[in-house]
1. For the Cα atoms of the chain, what angle does the longest principal axis make with the long axis of helix 14-28, in degrees from 0 to 90, nearest 10?
2. If one takes the longest principal axis of the Cα atoms in the chain, at what angle in degrees, from 0 to 90 and to the nearest 10, does the Cα axis of helix 95-126 lie?
3. When the helices in the chain are scored as -39500 (n - 2.57) per DSSP H run of 4 or longer and the sum is shared across all residues, what 222 nm value do you end up with, to the nearest 500 deg cm²/dmol?
4. For residue 8 and residue 98, calculate 0.36 nm times their separation in residues minus their Cα-Cα distance, and state this gained length in nm to one decimal.
5. Using 0.36 nm times the number of residues separating residue 38 and residue 17, minus their current alpha carbon distance, what extension gain do you get?
6. Can you grab the distance from the C-alpha centre of the range 2-70 to the C-alpha centre of the range 72-107, Å, no decimals?
7. Which one is right for this structure if P(r) over Cα pairs in 5 Å bins from 0, in percent is calculated from it: (i) 2, 10, 14, 15, 14, 13, 10, 7, 5, 4, 3, 2, 1, 0, 0; (ii) 2, 9, 9, 10, 8, 8, 7, 6, 7, 6, 5, 4, 4, 4, 3, 2, 2, 1, 1, 1, 1, 0, 0, 0, 0; (iii) 2, 13, 19, 20, 18, 12, 8, 5, 2, 1, 0?
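Only the coordinates and a few stated rules stand behind these numbers; no lab work does. Everything numeric here is computed off the predicted structure, so don't read it as measured data.
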């Protein structure tokens with residue numbers, strides 16, 4: 001998650017909502033591919049909030065910045081993710097620098113787990 005205010009999705013900069021609301025109105029008059037008003041206040045919003053509250057089923061990284069003027073950094077601290085602070089603006093977050101190290105670590109953990117299971121199967125086959 002990159003600068004994602006998962007704890008308060010509508011708690012970001014007021015300018016975001018100033019843009020989102022007209023987009024929802026355009027959707028209501030038939031412009032396809034935009035969010036609906038329901039996603040800001042209705043059932044769609046409620047379902048998304050409930051989904052965000054569920055425990056993640058996969059490893060995740062929540063990248064946030066205290067310098068982010070769009071998404072308040074405290075709202076980006078997903079309790080189910082590894083939270084990583086970067087120094088940048090909302091649009092300037094260096095995703096790849098942060099992920100490179102962690103993805104390599106996850107890959108190494110996965111590789112070690114696979115090798116351990118293979119050794120166990122070999123041992124079981126011999127006995």
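1. Roughly 80 degrees, rounded to the nearest 10.
2. That helix lies at roughly 40 degrees to the long axis.
3. Working: 4 runs with 62 residues, N = 127.
Calculated mean residue ellipticity at 222 nm is -16000 deg cm²/dmol.
4. Here the segment from residue 8 to residue 98 would lengthen by 30.0 nm.
5. 6.2 nm
6. 19 Å
7. Checking each listed value against the structure points to (i).
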